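Colleague: Before I ask anything, here is the structure I am working with.
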Amino acid sequence: RIIFEQSKCKFITLEDEINLLNRYIELEEIRVGKIFSVLFEVDYELNENMKFITIPPLLVQPVVENSFRHGLYHSDNRGLLKIKFNKVGNSIVCVVEDNGIGRQLSKKINKWKNKNHVSTGIASAVERLMIIDKNSDRFKLDIEDIVDSTGLVSGTRVTIYLAKYL
């Protein structure tokens, strides 16, 4: 219901975004059990002003969903998901990291398991960012593999750069 309501909005408060993420994570825990831990960090200044800061809706939740579905749920290790909101200059930077299997291995597994499934969550988020941004470089989404000290992929990091709105 929250996702449906937010999909009608051009912007939502950071507080609403964080509430949505917490509800989504709770639903995932109910669905699959406590097979993962979540570390949620919000910069002090953002935390103090989250009722007044607005951001585009439904950008972080699809990233978190991908972390679960494509990374953490395929891993033999206990899952760890980190979600961080930081103030960097006049922008908000959200970083979502998981200790899942990484993008390449996930593609192989999903290609074999879900031949008819087309994932659109991240693509939709990127498309919305491009529409909102209008080539101003205020919004951006970067995806990278996390590599351990031996050179093996040990997760995925997604960084979302959001211009700050008050």
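The values are calculated or read from the model by the stated rules, or taken from the named source; none is laboratory data. On a predicted model such as this, the values are computed, not experimentally measured, just so you know. Quick reminder, even Gly has a Cβ in these numbers, built from the backbone with ideal geometry, and neighbours come from all protein chains shown. Accessible surface areas use protein heavy atoms only, side chains included; no ligands, DNA or RNA. Shrake-Rupley method; radii C 1.70, N 1.55, O 1.52, S 1.80 Å.
Colleague: Could you list, in sequence order, the residues of the stretch 36-65 that are assigned to a helix (DSSP H, G or I), touching a strand residue (DSSP E or B) at 6+ places or on another chain (Cβ under 8 Å) and open to solvent by 40 Å² or more (accessible area, probe 1.4 Å)?
Modeller: Selection gives 45 alone.
Colleague: Looking only at the stretch 73-105, count every residue that is more than 13 Å from residue 39 (Cα to Cα), in contact with an Asp or Glu (Cβ under 7 Å, 6 or more places away or on another chain) and either open to solvent by 10 Å² or more (accessible area, probe 1.4 Å) or at pLDDT 90 or above (or both) and tell me the total.
Modeller: So the answer is 3.
Colleague: Oh, and also: Go through the stretch 1-35 and give me each residue that's open to solvent by 40 Å² or more (accessible area, probe 1.4 Å) and under 19 Å from residue 92 (Cβ atoms).
Modeller: 9, 10, 11, 15, 16, 19, 22
Colleague: Also: List every residue pair whose Cβ atoms lie under 9 Å apart, where the two residues are 6 or more positions apart in sequence or sit on different chains, the first residue falls within the stretch 141-155 and is closer than 27 Å to residue 59 by Cα and part of a strand (DSSP E or B), and the second residue, located anywhere, is aromatic (Phe, Trp, Tyr) and open to solvent by 50 Å² or more (accessible area, probe 1.4 Å).
Modeller: 141/161; 142/161
Colleague: Could you please tell me which pairs satisfy a Cβ distance under 7 Å, a separation of 6+ or placement on different chains, a first residue in the stretch 54-80 that is touching a residue at least 60 places away in the same chain (Cβ under 8 Å), and a second residue that is crowded, with 22+ Cβ neighbours inside 10 Å and of a type in the set (Ser, Thr, Tyr)?
Modeller: 67/156; 71/156
Colleague: Here's something else I'd like to know. Looking at the stretch 71-104, which of its residues are among the acidic types (Asp, Glu) and assigned to a strand (DSSP E or B)?
Modeller: Answer for the stretch 71-104, where residues must be among the acidic types (Asp, Glu) and assigned to a strand (DSSP E or B): 97, 98.
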